[in-house]
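Asker: Provided herewith is a single structure, encoded as C-alpha cells, for subsequent inquiry.
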Amino acid sequence: MFKGLYAGRRILITGHNGFKGSWLSYWLQELGADIYGLSLPISTRPNHFELLIPNMPGAHIDLADFQTVQDLMCSFQPELVFHLAAQSLVRRSYREPLLTLQSNVMGSANLLQAARACPALKGLVIVSSDKCYQNQEWPWGYRENEALGGHDPYSTSKACTELLVNCWRDSFFNPGTMQKPPLLASARAGNVIGGGDWAEDRIVPSLIGSAIGNESVNLRSPKALRPWQHVLEALSAYLLLGQKMLEGDGTVAQAWNFGPDDNQPISVLKMAESLQKHWPKINFTCQPEPDAPHEAHILRLDSSKARLLLQWHPVWDAEQTFARCANWYRHYYEKGELSTADDLQEYCRQAKQKGLAWTL
C-alpha cells in the first residue's frame, strides 16, 4: 500500500491520541512507519488510542507552547507531519472561543513555524474541515475555491488555519526562501464517523451512550444534512497526500476536499435510524432546542478535484459506513472486543478490489 513509502519513515502526528489520530497512528504503525505523537493529555475514558496502541512514542504538550513544539520537532526531525490536533467541537467553541482560537489558529501557526527548522521535512498535511467554508446553505457542494468563513468560533478557526497554510506556503515554503521546501497541503474532510469516538457533544457518541445507558438522546437538528463518511475514508486521503509528498509531487501542495460519493447528503435522523438498525438498543427523540447555538443545516463537499487529480475515491457507501460504525461499538460493549484491525483489513481489501491507486 502507498507504494511501501511509509516503511521506516519518521512521521509526526499531532492529535495522535484523538479519534482520527488513533486510527491514523494504528494504520501508520501497520505500514511500518517510525511514528511520534504530540497531543494534549487524553481527555476521554474509554479512549481508543489507549486501548489500541498505548505504548506509541510521544509527548503531551500544548501546541500553543511554541518553544516546546520547536524543540520536539527539531529533536525528532520528521520527514512528514500530519497535523490533526484541534479543539474540534462546535458547541464547545461557543463556550470557549478564545481556547478554540488559541488551539486551532496559534497551535497551527506554531507548528508551521517550527517546521521551518526541520531540513528533513518533505511535507505537511494540515487536517481541516468542511466547516471552513462560508456556509450559504447551498444544495450543492463547496469546492476548494469557495469563500472561507465561519458563523461559529470553530468554523472561523478552521478558515483562519487555511489562511495560515496559504501564507506559510507562499512566504516561507518556497524555493526562494528554502533550499528544499516541504510541500504543504490542507485536507478538508466531511463528517467523519467510526468506532472509537467518545468526544463530548458529538452525535454518534451520544447515540452510543443511549444504548449503554438505557436512556434516550435528543437529536437537536434531525433534518440537518451532513456528508457522513467513515474515518478510514479521510485517512486514506491523508495518507495518499503524504505518499505524493514523499514522492516529491509538488502538485499536491494545495487545498483538497474529501467527501462521500453519494449525490445527496444524509440527514441526522436517517443516520441515527441506520445506526439503530444495527444496534436496536440505540434510543433517540427529536425535540427542537430553540436556545441551541447556531449550526449549519446543509453541509456538502464537492470532491471532484481529488477524484480527478489524485484518483482518490471512497470505498464504503453510507450503509456500509453506518453498519461498521454501529457494529464497532456493539462489539466493544457487548464482547469487549476492538474491531479496529478487522475494519482496516476489510477496508483495504475492498479498496484493492476496486483497484484504488493507493492500494499498490
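Asker: Any idea which of (1) in a strand (DSSP E or B); (2) surrounded by fewer than 20 Cβ atoms within 10 Å (Cβ to Cβ) is the one PRO280 doesn't satisfy?
Answerer: Answer for PRO280: the failing condition is (1).
Asker: Condition first: at pLDDT 95 or above, over 27 Å from PRO119 (Cβ atoms) and part of a helix (DSSP H, G or I). Can you find one or more residues in the range 243-257 that meet it?
Answerer: no
Asker: Are any of the residues in the range 104-127 at pLDDT below 95 and in a helix (DSSP H, G or I)?
Answerer: no
Asker: Further, regarding this structure: Quick test of your reading of the structure: GLU295 fulfils all but one of (1) without any contact (Cβ under 8 Å) to a residue 40 or more places away in the chain; (2) closer than 30 Å to TRP140 by Cβ; (3) among the acidic types (Asp, Glu). Name the failing condition by number.
Answerer: With (1) without any contact (Cβ under 8 Å) to a residue 40 or more places away in the chain; (2) closer than 30 Å to TRP140 by Cβ; (3) among the acidic types (Asp, Glu) applied to GLU295, the lone miss is (1).
Asker: I'd like to know if the range 135-146 contains one or more residues that are assigned to a helix (DSSP H, G or I) and either more than 30 Å from LEU225 (Cβ to Cβ) or of a type in the set (Ser, Thr, Tyr) (or both).
Answerer: Looking only at the range 135-146, we keep the residues that are assigned to a helix (DSSP H, G or I), and these are none.
Taking every residue of the range 135-146 in turn, none turns out to be assigned to a helix (DSSP H, G or I) and either more than 30 Å from LEU225 (Cβ to Cβ) or of a type in the set (Ser, Thr, Tyr) (or both).
Asker: Residues of the range 127-143 being charged (D, E, K, R) and surrounded by fewer than 18 Cβ atoms within 10 Å (Cβ to Cβ), which ones?
Answerer: Step one: filter the range 127-143 for residues charged (D, E, K, R), giving 130-131, 137, 143.
If the condition is that a residue be charged (D, E, K, R) and surrounded by fewer than 18 Cβ atoms within 10 Å (Cβ to Cβ), then GLU137, ARG143 are the ones that fit.
Asker: Considering (1) surrounded by fewer than 16 Cβ atoms within 10 Å (Cβ to Cβ); (2) basic (Lys, Arg); (3) assigned to a helix (DSSP H, G or I), say which one ARG92 fails and leave the rest.
Answerer: (1)
Asker: Here is a further query. Specify which of the listed residues (LEU51, LEU38, LEU24, LEU63) is crowded, with 24+ Cβ neighbours inside 10 Å, in a helix (DSSP H, G or I) and not small (Gly, Ala, Ser). Step through it out loud before you land on a result.
Answerer: Values: LEU51 fails: crowded, with 24+ Cβ neighbours inside 10 Å; LEU38 fails: in a helix (DSSP H, G or I); LEU63 fails: in a helix (DSSP H, G or I).
Of the residues listed, the single one that is crowded, with 24+ Cβ neighbours inside 10 Å, in a helix (DSSP H, G or I) and not small (Gly, Ala, Ser) is LEU24.
Asker: Answer yes if at least one residue in the range 59-79 is over 24 Å from TRP198 (Cβ atoms) and under 19 Å from the mean Cα position of the chain (by Cα), and no otherwise.
Answerer: Within the range 59-79 (the criterion being over 24 Å from TRP198 (Cβ atoms) and under 19 Å from the mean Cα position of the chain (by Cα)), the answer is no, since none of the residues qualifies.
Asker: Hey, another quick one. Pairs only if they're at least six apart or on different chains, beta carbon under 6 angstrom, first in the range 3-19 and under 13 Å from ASN47 (Cα atoms), second part of a loop (DSSP other than H, G, I, E, B) and of a type in the set (Val, Ile, Thr); list them, first residue then second.
Answerer: ASN17/ILE42
Asker: Between residues in the range 196-218 that are of a type in the set (S, T, N, Q) and residues that are part of a loop (DSSP other than H, G, I, E, B), which pairs lie under 7 Å by C-beta distance while being six or more apart or on different chains?
Answerer: Going by the 7 Å Cβ cut-off, the qualifying pairs are SER210/SER216; SER210/ILE282; SER210/ASN283; SER216/ASN283; ASN218/GLN287.
Asker: How many residues are modelled with pLDDT under 95 and touching an Asp or Glu at 6+ places or on another chain (Cβ under 8 Å) if we restrict to the range 14-54?
Answerer: The total comes to 2.
Asker: To continue, here is another question. Would you say LEU240 is in contact with a helix residue (DSSP H, G or I) (Cβ under 6 Å, 6 or more places away or on another chain), closer than 27 Å to SER93 by Cα, surrounded by 17 or more Cβ atoms within 10 Å (Cβ to Cβ) and touching a residue at least 60 places away in the same chain (Cβ under 8 Å)? Step through it out loud before you land on a result.
Answerer: Details: in contact with a helix residue (DSSP H, G or I) (Cβ under 6 Å, 6 or more places away or on another chain): yes; closer than 27 Å to SER93 by Cα: no; surrounded by 17 or more Cβ atoms within 10 Å (Cβ to Cβ): yes; touching a residue at least 60 places away in the same chain (Cβ under 8 Å): yes.
Considered against the rule, which asks whether it is in contact with a helix residue (DSSP H, G or I) (Cβ under 6 Å, 6 or more places away or on another chain), closer than 27 Å to SER93 by Cα, surrounded by 17 or more Cβ atoms within 10 Å (Cβ to Cβ) and touching a residue at least 60 places away in the same chain (Cβ under 8 Å), LEU240 comes out as no.
Asker: Which numbered condition in (1) buried (at least 24 other Cβ atoms within 10 Å of the Cβ); (2) in a loop (DSSP other than H, G, I, E, B) is the only one that THR161 fails?
Answerer: All conditions are met except number (2).
Asker: Pick from the range 218-266 the residues that are more than 14 Å from the chain's Cα centre (by Cα) and polar (S, T, N, Q): which of them is farthest from LEU12 (Cα to Cα)?
Answerer: ASN218
Asker: Shifting gears a bit: Return the residues of the range 298-352 that are out of contact with any Gly (no Cβ under 9 Å at 6 or more places or on another chain), in a loop (DSSP other than H, G, I, E, B) and touching a residue at least 12 places away in the same chain (Cβ under 8 Å); say none if nothing qualifies.
Answerer: Of everything in the range 298-352, those that are out of contact with any Gly (no Cβ under 9 Å at 6 or more places or on another chain), in a loop (DSSP other than H, G, I, E, B) and touching a residue at least 12 places away in the same chain (Cβ under 8 Å) turn out to be GLN311, TRP312, HIS313, VAL315, TRP316, ASP317.
The values are calculated or read from the model by the stated rules, or taken from the named source; none is laboratory data. What you are looking at is a predicted structure, and each value in this text was computed from that prediction instead of being measured. Don't worry about glycine lacking a Cβ; one is built from the backbone with ideal geometry, like all the others, and counts go over all protein chains shown.
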